[in-house]
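Just below is one structure, and these are the notes that go with it.
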Amino acid sequence: MTEATEVHHSIPHKGDLEKFWTGPFVATCKPCHSSRGQIEDRGGKVIRYGADGYPL
């Protein structure tokens with residue numbers, strides 16, 4: 001498990017400042033944030049996991 005150092009916008013803000021500052025957010029580590037963003041930007045689906053390690 002890696003410490004979260006960044007946040008990911010779980011709903012793309014697309015320049016909307018209200019969404020940019022208020023979220024909703026997902027806490028991630030830098031490598032996960034980079035790969036998650038690329039996958040979602042290309043229209044892919046990211047599998048999310050709970051604190052217990054099981055997929056949500």
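FYI, it's all coordinate maths here, none of it is from the lab. What you are looking at is a predicted structure, and each value in this text was computed from that prediction instead of being measured. Virtual Cβ from ideal backbone geometry, glycine too; neighbours counted across all protein chains shown.
Treating cross-link reach as a plain straight distance, find the aspartates and glutamates whose alpha-carbon is under 20 Å from the alpha-carbon of residue 19, omitting any fewer than eight places away in the same chain.
Filter leaves 6, 40, 41.
Taking a temperature of 25 °C and a viscosity of 0.890 mPa s, what whole-number D in µm²/s does Stokes-Einstein yield for the chain with Rh from Kirkwood over alpha carbon pairs?
D, rounded to a whole number, is 203 µm²/s.
I need the peptides 15-23, 41-49 ranked by packing, meaning the mean over residues of other C-beta atoms within 10 angstrom, with the highest value on top. Don't skip to the end; give the middle numbers.
Working: 15-23: 10.2, 41-49: 8.7.
Going from most to least packed, we get 15-23, 41-49.
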